[in-house]
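Report on the following structure.
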Amino acid sequence: MNQIHIIRLLYGFELKKIFMRKTTWIILGIMTVLSVWIPFADLSSIGYSIDGKDISGYEMMLMDRDAARKLSGRVIDDQLLKEMQSAYHRNPKEDNSKEQADYTVDFSTGMESAFVSGDGEDSPEHENINIDGTAHSYSPVLSYITKIVENSNLALEVDETQLYQERRNGLSQTWNDQLLTEDEIAYWTDQEAQITVPFTYEYAGGWDALFEHIFPLNFMLLLLIAVCLSNVFSTEHLHRTNQLILSSRYGKTPLYLAKLSAGLTFGISCAFLLFLGNASACIRLYGADGLHAALQNVLPASSRPVSVGRAVLILFGLFLTVSMLYSIVTMFLSEWLKRSAAVMAILTGFMLLTMMFDIPYSYRIASQAYDLLPTTLLVEWQFWDDRLFSVFGTYLTNFQIAWTAYFMIGILLAWMGKRLYVRISRQ
Amino acid sequence: MELIIDHVSKQYQNKIAADNISLKLMKGIYGLLGENGAGKTTLMRMICGVLKPDSGTIAMDGLDVATEEYRSHLGYLPQNFGYYPEFTGMDFLLYMSVLKGMPKTQAKRRIQELLELVSLQDVSRKKIKTYSGGMKQRLGIAQALLNRPQLLVLDEPTAGLDPKERVRFRNMIDRLGDESIVLLSTHIVSDIEHIADVVLMMQGGKLIYQGEWDSEKDLEDFYLQNISTQNISDKKTS
């Protein structure tokens with residue numbers, strides 16, 4: 001039998017070992033359900049009232065979706081802005097909503113902020129907008145304009161020139177905050193020139209939701225891989241099965257490759273499952289519209305001249321690459337530390353640390369490197385992290401360099417893991 | 001066929017587990033006797049390529065212990081090791097047969113033979129976690145014999161076996177000595193006194209006796225005598 005055939009047979013056994021553990025099925029089931037549930041949870045946690053009638057988040061989303069679909073294909077120019085503004089101005093400022101949420105985007109951090117007002121009290125920072133027939137049919141555009149100008153009052157007054165100028169101002173502020181060099185600014189200015197202005201409004205609610213969910217999905221993936229793959233190598237040491245394995249003919253390099261391939265297959269399959277589970281739930285709820293729309297429809301602060309569909313593919317590709325990296329790191333630690341509990345402790349500690357800790361833009365190198373970590377990279381606001389990496393005179397974006405770095409780190413760790421595994425024990 | 005162990009030493013921090021051991025093993029059964037901690041397991045693990053000696057070499061017919069070819073002739077039953085509890089006995093033997101590079105049809109035939117030999121054919125489809133200690137040990141013996149090894153290393157193979165199984169195991173090993181080098185370690189003298197062609201005795205990491213054994217003689221007396229003599233000599237030296 002040739003070695004490829006042996007590796008293939010061993011690969012089957014190694015996959016069997018992973019899937020024979022009850023823990024694998026339990027956590028896989030929980031994470032799959034969660035990935036599908038997230039979009040529904042978004043809607044179930046909020047309620048509205050229109051003209052004294054309570055409506056659910058889901059019903060509100062359906063109304064928004066219908067309105068947005070009707071507006072799809074309209075150029076966001078003076079005409080549309082005037083239509084929207086006059087529709088809102090025809091209705092006096094009366095608040096008949098129990099709870100209404102609107103949000104803005106902070107261009108410097110990318111954080112979305114929700115302003116929730118209730119009991120009919122007007123807030124100086126946020127104006128409640130009456131939702132009724134005509135006005136509501138323009139609410140998707142209003143929300144979108146508010147995202148750009150960061151102020152709902154201004155959104156009801158802005159004209160086309162001012163709108164796109166506000167966006168440019170926001171970009172300049174972001175570039176300034178991110179300490180971009182002249183060359184980087186020139187790069188992005190060039191990219192901006194490829195984006196058609198004025199924008200054409202396209203509804204892309206499903207993909208917008210998917211961009212938001214990639215953050216929790218990423219942590220779920222790490223947790224899932226940490227639990228299921230942390231014992232791929234350690235269990236052989238712990239139960240001393242390694243003595244049998246390492247003394248057998250193909251127990252070294254072929255078995256290592258089989259274990260590694262099985263772990264990678266599991267990790268990538270988990271990424272597929274979580275991403276597709278979430279994407280199908282988002283599409284089921286919001287629809288698959290807007291795949292060909294410009295990314296700026298969903299993320300107006302991004303200067304990347306790509307379609308929503310391409311951005312989804314980039315995100316999906318990164319998610320799969322990250323799953324490979326998580327799998328290799330987990331298996332390397334499993335071989336190195338020889339204790340699955342220690343592996344899980346390190347990975348969950350890393351996950352929690354990067355959730356709570358951030359390095360400000362002012363520490364450019366440290367912050368840029370930190371934001372390349374797989375737990376900090378897969379966030380929608382990374383689409384407007386415009387700091388570039390110069391490699392032999394060519395500028396690479398954060399996603400491009402992360403891809404390359406993850407592959408290189410993965411190969412390096414796989415090689416180091418093999419060295420550890422095949423080395424004859426000295427203890 | 002010969003296994004040459006040449007000036008092999010191994011030290012763990014302050015303890016010398018194998019002290020400059022040299023041996024030449026040919027076909028036959030070698031009984032390795034020694035108290036717990038004498039260095040038997042360390043020597044066996046080095047012979048199986050699981051543990052790296054600090055110095056010295058181990059080779060069989062010119063093949064170094066670290067090579068794949070060497071391992072292809074090896075069958076090893078470690079002293080204490082775990083199984084995959086969710087695997088069935090059959091799964092485990094199939095897995096081991098792949099690791100040993102056996103073609104599938106040949107492996108299946110051999111597995112059936114061995115399951116019968118170790119009386120596990122009725123439970124081969126049951127998960128290993130349901131097996132008793134003795135059944136696990138018999139499964140371990142079966143995996144060691146899968147590839148008809150030229151070098152069979154058995155570390156305390158009778159641990160966990162009942163008296164009937166012990167006798168059956170001894171008879172099985174007796175036959176294997178005609179075709180292979182069988183190195184069998186134990187601290188129970190009766191396990192080897194009737195089947196070993198050569199007796200090796202270890203104490204404190206040293207090989208204190210090596211010689212052919214006449215099964216008419218009382219090995220236990222001889223062993224105890226040697227061990228106590230060595231203890232006195234060690235005390236005098238220190």
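The values are calculated or read from the model by the stated rules, or taken from the named source; none is laboratory data. Please read these numbers as outputs of a predicted model, since none were measured by experiment. FYI the Cβ positions are ideal-geometry reconstructions off the backbone, even for glycines, and counts take in every protein chain you see. SASA here: full protein model, heavy atoms, side chains in, ligands and nucleic acids out. Shrake-Rupley method; radii C 1.70, N 1.55, O 1.52, S 1.80 Å.
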inquiry  = Need one number: nm distance between label points at A:LEU420 and A:ASN169, each 7 Å from Cα along Cα→Cβ, rounded to one decimal.
reply    = 5.4 nm
message = If I take R0 = 25 Å and measure r between the Cβ atoms of A:SER72 and A:SER280 in this structure, what FRET efficiency does the formula 1/(1 + (r/R0)^6) give, to the nearest 0.05?
response = 0.70
query = In chain A, which whole DSSP H runs stretch at least 30 Å along their own axis (Cα) and average -0.5 or higher on the Kyte-Doolittle scale?
reply = A:22-44, A:205-229, A:253-286, A:308-337, A:398-422
query = Under 5 Å between amide H atoms, partner at least 5 residues away or on a different chain: which partners does A:SER49 have, H built in plane at 1.01 Å?
reply = A:ILE55, A:LYS98, A:GLU99
task = May I ask you to compute the full-extension gain from A:ALA186 to A:ILE4, defined as 0.36 nm times their residue separation minus their alpha-carbon distance, rounded to one decimal in nm?
result = 60.5 nm
ask   = What does the accessible area per residue of chain A come to in Å², with a 1.4 Å probe and no ligands, DNA or RNA counted?
value = 44 Å²
key: C-alpha center-to-center spacing [the range B:175-225, the range A:181-198] in angstrom   = 83 Å
message = Could you work out how much longer the chain between A:ARG310 and A:ILE409 gets when fully extended? Use 0.36 nm per residue separation minus the Cα distance between them, nm to one decimal.
response = 33.1 nm
remark   = In the protein assembly as shown the accessible area split gives carbon plus sulfur, as whole percent at 1.4 Å, a share of 56 percent
ask   = Using a simple charge model, +1 on the beta-carbon of Lys and Arg, -1 on the beta-carbon of Asp and Glu, nothing else, what dipole does chain B show about its Cα centre, in debye to the nearest 20?
value = 1000 debye
task = Would you mind computing, in nm to one decimal, how far apart the modelled labels at A:ILE359 and B:ILE4 are, each placed 7 Å from Cα along Cα→Cβ?
result = 5.8 nm
ask   = Can you give me the Cα centroid spacing of the range A:236-310 and the range B:152-170 in angstrom?
value = 48 Å
message = Limiting things to C-alpha atoms, what are the Rg and the maximum Cα-Cα separation (Dmax) for chain B, in angstroms?
response = 18.0, 60
remark   = If R0 = 35 Å, then A:LYS53 and A:VAL391, at their Cβ-Cβ distance, give a FRET efficiency to the nearest 0.05 of 0.05
query = How big is the charge dipole of the range A:38-77 about its Cα centre, in debye rounded to the nearest 20, if each Lys and Arg gets +1 on its Cβ and each Asp and Glu gets -1 on its Cβ?
reply = 180 debye
query = About the Cα centre of the protein assembly as shown, what is the dipole size in debye to 20, counting +1 per Lys and Arg Cβ and -1 per Asp and Glu Cβ, all else neutral?
reply = 4000 debye
Top of B:TYR12, B:TYR83, B:TYR95 by mean-square fluctuation, Gaussian network on chain B, Cα under 10 Å = B:TYR12
task = Please report, to two decimal places, log10 I(q)/I(0) for the range B:78-148 at q = 0.14, 0.15 Å⁻¹ as given by the Debye formula with identical point scatterers on the Cα atoms and no solvent.
result = -0.35, -0.40
inquiry  = Give me the one-decimal nm value for the distance between modelled label points at A:GLN194 and A:LEU62, 7 Å along each residue's Cα-to-Cβ direction.
reply    = 4.1 nm
request  = Give me the Kirkwood hydrodynamic radius of the range B:91-208, using the inverse of the mean 1/r over all pairs of distinct Cα atoms, in Å to one decimal.
outcome  = 15.3 Å
query = Once fully extended, how much extra length lies between A:GLN400 and A:SER45, figured as 0.36 nm per residue of separation less the alpha-carbon to alpha-carbon distance?
reply = 124.2 nm
ask   = Nearest 100 Å², what total accessible surface is buried between chain B and chain A (probe 1.4 Å)?
value = 3100 Å²
query = What value does chain A have for Rg/Rh, both radii from Cα atoms and Rh as Kirkwood defines it?
reply = 1.05
ask   = Quick one: Cα centre-to-centre distance for the range A:373-398 and the range B:77-123, in angstrom?
value = 52 Å
